[in-house]
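The values are calculated or read from the model by the stated rules, or taken from the named source; none is laboratory data. Predicted model only: the values in this text are computed from it and were never measured. All Cβ positions, glycine included, derive from the backbone under ideal geometry; neighbour counts span all protein chains shown.
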Amino acid sequence: MRTHAPPGTRRGFTMIELMTVVALVGLLSSLALDVGPGGGSPHATADQLASAMGLARTRAIATRRVHRVQVEAGVVSIWQSTTAGFTAATGWEQVHGETIPTNVRAFNATRTVQTAAGATPKQDDKLLFAIDFRPDGSLATGATVFLAKADQSDPYRVFVYPATGSAHVRPGW
């Protein structure tokens, strides 16, 4: 005969607890990959960017607020909307930031998912690109960020699917 847990006791974990653990794992893994402002590989930087995307997605779901990942030439930052829900953001507050190593460049970014290699992005020295994660973890459009060493060697791309908000790292452009 099967017995049931008495009322008031719970078994398992809540979704908020699980999402918090995923966010912490993403944050800790991004910190573990950081080797300082001068050193670092494009692969490790691409992994850091993918972790930042995962953190923003997880926070968006957990807090029910839009979260923005902003990629600039030397910095990746995560911003949280001051407005809850799907309504338009009225303000932003920074919740996380990471520097991109000086020997790695974020060359360019697009609002499309480029899963196949073979792209030749133009370098954008004034790159300022934002990716907004909705409270359900999805995006309005997909995105691809192109990273490499300053001489364009060792290229990587990080792409994010719009429906799921999942980020992936692939070698080559």
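Details
- Meets criteria (surrounded by 14 or more Cβ atoms within 10 Å (Cβ to Cβ), at positive phi and in contact with a strand residue (DSSP E or B) (Cβ under 9 Å, 6 or more places away or on another chain)) for Gly85: no
- Scanning segment 58-108 for residues that are at pLDDT 95 or above and of a type in the set (Asp, Glu) yields a count of 1.
- Only residues that are crowded, with 17+ Cβ neighbours inside 10 Å, touching a residue at least 40 places away in the same chain (Cβ under 8 Å), at negative phi and not in a strand (DSSP E or B) were counted in segment 114-152, giving 5.
- Restricting attention to segment 89-105, the residues that are of a type in the set (Gly, Ala, Ser) and within 14 Å of the chain's Cα centre (by Cα) add up to 1.
- Members of segment 62-95 that are within 25 Å of Ala150 (Cα to Cα) and assigned to a strand (DSSP E or B): Val69, Gln70, Val71, Glu72, Val75, Val76, Ser77, Ile78
- Among the candidates Asp125, Asp47, residue that is modelled with pLDDT under 85 and acidic (Asp, Glu): Asp125
- Test for Pro101: is it more than 13 Å from Val76 (Cα to Cα) and in contact with a helix residue (DSSP H, G or I) (Cβ under 7 Å, 6 or more places away or on another chain): no
- Condition broken by Pro101, with the remaining ones in (1) in contact (Cβ under 8 Å) with a residue 60 or more places away in the chain; (2) part of a loop (DSSP other than H, G, I, E, B); (3) under 21 Å from Thr164 (Cα atoms) satisfied: (3)
- Qualifying residue in segment 73-81 (condition: over 30 Å from Ile16 (Cα atoms), exposed (fewer than 13 other Cβ atoms within 10 Å of the Cβ) and not polar (S, T, N, Q)): no
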